[in-house]
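Trainee: The following block contains the structure, expressed as structure tokens.
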Amino acid sequence: MMQKFQKFGAAMFVPVLLFSFAGIVVAIGSLFTNQAVFGSLANPGTTWNSIWDTITAGGWTVFKQEALLFVVGLPIGLANKSKGRAAMEALITYMTYNYFIGAILTHWGASFGIPNFANIQIIDNSTNHGLTEIAGIKTLDTSMIGALVVAGIVIWLHNRYFDKKLPEWLGTFQGSTFVYILGFFAMIPLAFLTCWGWPKVQLGISGLQKFILNSGVIGVWIYNFLNRVLIPTGLHHLVYIPFQYGPAVVAGGLQPFWLKHLTQFALSTHPLKQLAPQMGFQLWGNEKIFLAPIICLAFYATAKKSKKKQTSALLIPAALTSFFAGITEPIDFTYLFAAPVLWIVYSVLAATMNTVMFSLGVVGNFTLGGIDMAAENWIPLWRNHWQTYMVQFAVGIVFAIITFFVFKFMIEKFNYATPGREADDEDVHLLNKKEYEAKKTSQDQQVNNNSVETDPYITRATAFLDLLGGSSNIKELSSCATRLRVSVEDPDKLGTDAQFKAAKAINVVHHGKAIQVIVGLDVAQVLEAMQELRKDDINEG
């Protein structure tokens, strides 16, 4: 079961990768059309305003077509084969589903509590009686939940029936066509069930919103704690995605809500917490700015003198990546398994810091690193809300100091094997014979193929493939932001964690047959190289 949850979480992350850039574009566009910052230059109708409004419109693409992204993204992560075809099947089936809903409500809308469906105009998702438009189709606003349900059905049909051999006279209906036929008929009852049940679900979501908002600091603490402590399992995506991009708190998700109202918040002198109290659930990036880099400093301070230079070389890039880009996994997995108690302490400190900030009035879209935070919060809102950010910085610095001394004390007190404190024989070492031979073979192949440049990822890909027991031992292979997610046939065929680290993996997570190899920010390139190597192995076999 854990393996399935991990795989689903990784698949959910496929479209999420697009949201960061889009959010920055929208935030910058909002800043440059802010009359409080740029005066008459930003007035509607000016060339300046028109240019930036056009750029902002492009940035809204991923938010306004969020459901379509998840429909396409999930098959890319979960289809066993022909992922591109699975994505196409999911997209057309999802559109069919929404056409069915629109037609049902047009003919029998009154029976489902939506009279005059055909005459309702879509203006704003908050005043549409729960309706929306998807690719020009007026339908119920099931947000990403409907998209995930339909995508899940199509993925199951694809994995089971895509290779189904039909009689010769029906051969034209094989493959993707057969999957779509099955999906077409499956969408008819699903559309009826949606028309009957989704309005009730919307009432439940509204009640959940009120409960979460009324739970105050307790709800914020629990949410932030789970979002941090579950990172080793890969299940944290299932915690924050429904809040950030789904309807758990506001229709359409918290990030689009914030970006949509950013100019309004910038012009207002009312406290941000009064304007957007629900944005307390978007503070979990603060630990990436204030705590993760300080943890690196604690590791350096407690490292052996003989390893300080090596430790700093490892931690400085990781700290900068966390601070600017908001990616903490290169830090997290350097100590997670050597000192799991520290991970719990870190999660408690992070949740407490964010909750204290929220209690003192800090809200906003703080989920990534400094670049994103500046674009979506500090720069556009500084003029009227600088006091809020002074509180944020003050609380963050205080908790950074606390974190440094807590980590330093615990590392020295309990002699945790954090970076720089490993046994002398666990120092960085050369590739072992097996890895050397894999590297040499890879280089020889490149020479034989008259390669002009050496592929910087093929060496690690070859080593990881070998350490995972070879292509035949790998059932499924995918990735998220920094990790390879692998399902293997026989865990006993895996190399040791030390061998993975020697091949430049940061660490390895084991959950039975579900394996995560923490690679770093270039995991996508390593994954692609591994997939090419696997194709070669299959062809040779």
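The values are calculated or read from the model by the stated rules, or taken from the named source; none is laboratory data. Note that the structure is a prediction, hence the values are computed from the model and not measured. All Cβ positions, glycine included, derive from the backbone under ideal geometry; neighbour counts span all protein chains shown.
Trainee: Determine if the stretch 411-424 includes at least one residue that is within 32 Å of the chain's Cα centre (by Cα), at pLDDT 80 or above and in a helix (DSSP H, G or I).
Mentor: Scanning the stretch 411-424, I find at least one residue that is within 32 Å of the chain's Cα centre (by Cα), at pLDDT 80 or above and in a helix (DSSP H, G or I), so the answer is yes.
Trainee: Looking only at the stretch 265-277, how many residues end up being under 26 Å from residue 241 (Cα atoms) and either buried (at least 16 other Cβ atoms within 10 Å of the Cβ) or touching a Leu at 6+ places or on another chain (Cβ under 8 Å) (or both)? Write out each step before concluding.
Mentor: Step one: filter the stretch 265-277 for residues under 26 Å from residue 241 (Cα atoms), giving 265-266, 272-277.
Still in the list and also either buried (at least 16 other Cβ atoms within 10 Å of the Cβ) or touching a Leu at 6+ places or on another chain (Cβ under 8 Å) (or both): 265-266, 272-273, 276-277.
Result for the stretch 265-277: 6.
Trainee: Please give the strands (runs of 3 or more DSSP E) falling wholly within the stretch 458-540 in which 1 or more residues are modelled with pLDDT under 85.
Mentor: Filter on the stretch 458-540 gives 474-479, 483-488, 507-511.
Trainee: What number of residues within the stretch 320-348 satisfy the criterion of being small (Gly, Ala, Ser) and either over 20 Å from the mean Cα position of the chain (by Cα) or assigned by TED's automatic domain parsing to the domain that holds residue 497 (or both)? Show your work before the answer.
Mentor: Going residue by residue through the stretch 320-348, those that are small (Gly, Ala, Ser) are 322, 325-326, 338-339, 347.
This time we only want the ones that are either over 20 Å from the mean Cα position of the chain (by Cα) or assigned by TED's automatic domain parsing to the domain that holds residue 497 (or both), so: 338-339.
The number of residues fulfilling the criteria is 2.
Trainee: For the stretch 499-523, which positions are under 16 Å from residue 482 (Cβ atoms) and among the polar types (S, T, N, Q)?
Mentor: Listed by number, the residues that qualify are 507, 516.
Trainee: For residues in the stretch 1-52 being of a type outside the set (A, V, I, L, M) and in contact with a Gly (Cβ under 7 Å, 6 or more places away or on another chain), which is modelled with the highest pLDDT?
Mentor: It comes out as 52.
Let's see how each residue does on (1) touching a helix residue (DSSP H, G or I) at 6+ places or on another chain (Cβ under 8 Å); (2) not hydroxyl-bearing (Ser, Thr, Tyr):
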| residue | (1), (2) |
| --- | --- |
| 272 | yes, yes |
| 298 | yes, yes |
| 304 | no, yes |
| 311 | yes, no |
| 332 | yes, yes |
| 335 | yes, no |
| 341 | yes, yes |
| 348 | yes, yes |
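Trainee: Please tell me if residue 284 is of a type in the set (Phe, Trp, Tyr) and over 20 Å from the mean Cα position of the chain (by Cα). Working first, answer last.
Mentor: On the way: of a type in the set (Phe, Trp, Tyr): yes; over 20 Å from the mean Cα position of the chain (by Cα): no.
For residue 284, the condition - of a type in the set (Phe, Trp, Tyr) and over 20 Å from the mean Cα position of the chain (by Cα) - is not met.
Yes/no per residue for (1) assigned by TED's automatic domain parsing to the domain that holds residue 315; (2) touching a helix residue (DSSP H, G or I) at 6+ places or on another chain (Cβ under 9 Å); (3) surrounded by 22 or more Cβ atoms within 10 Å (Cβ to Cβ); (4) hydrophobic (A, V, I, L, M, F, W, C):
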{"position": "482", "(1), (2), (3), (4)": "no, yes, yes, no"}
{"position": "498", "(1), (2), (3), (4)": "no, yes, no, yes"}
{"position": "507", "(1), (2), (3), (4)": "no, yes, yes, no"}
{"position": "515", "(1), (2), (3), (4)": "no, yes, yes, yes"}
{"position": "524", "(1), (2), (3), (4)": "no, no, no, yes"}
{"position": "534", "(1), (2), (3), (4)": "no, yes, no, no"}
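Trainee: Does the stretch 82-93 contain at least one residue that is in the same structural domain as residue 145 (by TED's automatic domain parsing), at pLDDT below 85 and in a helix (DSSP H, G or I)?
Mentor: no
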